[in-house]
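In what follows, a single structure is set out as structure tokens and then discussed.
We did not get these values from a lab; they are worked out from the coordinates using the rules stated. Predicted model, so just to flag it, every value in this text is computed and none were measured. As a convention, Cβ positions derive from the backbone with ideal geometry for all residues, glycine included, and neighbour counts pool all protein chains shown.
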Amino acid sequence: MTRQITPPLVAGGLLAILTLLMAGLGLASLNATAGKVNPLPLTFDWTEDERASSILAASLGPVALADAEASVRLALAQSPYNNVARMRLVYILSLRARGFPPEAQRLFQQSYDLAPYDPAVAEWRTTFALNHWAALPSSTQSAVRDEVSAFKVVSRPSIDMRRALRGVSNPEGRLVATLWLLRFYGSPS
């Protein structure tokens, strides 16, 4: 008895061969460009945020704050996921308002939405949050607590949550920080 080859079977076989051939060509292409080409054409331009940082280092006067704010907003327009720039804008808005205005609160919460455990801003963000503790909604307070807890178990010399918790000056936030020092580190200092 002879078996007849049907057109769908032939088409399936050709498709399998074509798939293997394309995969092989793709791997060869990746191997040939390894280490030579950035696979993602994304670049982050930190120039505007660095400019804002320099302005703030020189002066915290009204004109300097306005210039720094314009630069940091441009930085965020160029790189919307730049949490360092976002936190700098929160800081600027808080300085200008001498408090924690709604836009700063929204941007602060957004920083947790984008990166709940962000080593680039974790320490500063924790101290800032605790210094404005009463102004934070409970969801943001929970995000702060979760980040402090997460970085307790992560050993990174660049992030010292104990230092962040000890740096709180607001009495209400200092109480929370002391409780977290006891809970997460077993000591209030």
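Given 0.36 nm per residue, what is the gain on full extension from residue 106 to residue 160 after removing their alpha carbon distance, in nm?
Values: separation 54, 0.36 × 54 = 19.44 nm, distance 2.56 nm.
That works out to 16.9 nm of additional length.
Computed FRET efficiency, Cβ-Cβ of residue 15 and residue 117, R0 45 Å: what is it to the nearest 0.05? Don't skip to the end; give the middle numbers.
Numbers: r = 44 Å, r/R0 = 0.98.
The formula returns an efficiency of 0.55 here.
Please tell me the relative contact order of region 81-133 in percent, rounded to the nearest whole number, where contacts are Cα pairs under 8 Å and at least six residues apart.
On the way: 30 pairs, mean separation 21.4, N = 53.
It rounds to 40 percent for region 81-133.
Residue separation times 0.36 nm, minus the C-alpha to C-alpha distance between residue 66 and residue 135: what's the value? Let's see the in-between values first.
Numbers: separation 69, 0.36 × 69 = 24.84 nm, distance 2.38 nm.
Value of the extension gain: 22.5 nm.
By average Cβ neighbour count within 10 Å, what is the ranking of 112-119, 65-72 from highest down?
Details: 112-119: 14.8, 65-72: 20.5.
Result, highest mean Cβ count within 10 Å first: 65-72, 112-119.
Under the 0.36 nm per residue contour assumption, what length would be gained going from the current alpha-carbon distance of residue 146 and residue 124 to full extension? Before the final figure, lay out the partial values.
Working: separation 22, 0.36 × 22 = 7.92 nm, distance 1.50 nm.
Extending this stretch completely gives an extra 6.4 nm.
List, in order, the whole-Hz ³J(HN,Hα) value for each residue of region 97-102 obtained from phi through the Karplus relation with A = 6.51, B = -1.76, C = 1.60 and θ = phi - 60°; use x for Gly and Pro.
Per residue, the Karplus-derived 3J(HN,Hα) values read 8, 6, x, 10, x, x Hz.
FRET efficiency for residue 97 and residue 178, Cβ-Cβ distance as r, R0 = 30 Å, nearest 0.05?
On the way: r = 28 Å, r/R0 = 0.92.
About 0.60, to the nearest 0.05.
Under 8 Å for C-alpha pairs, at least 6 residues apart: give me the relative contact order for region 121-189, rounded to a whole percent.
On the way: 68 pairs, mean separation 27.0, N = 69.
It comes to 39 percent, rounded to a whole number.
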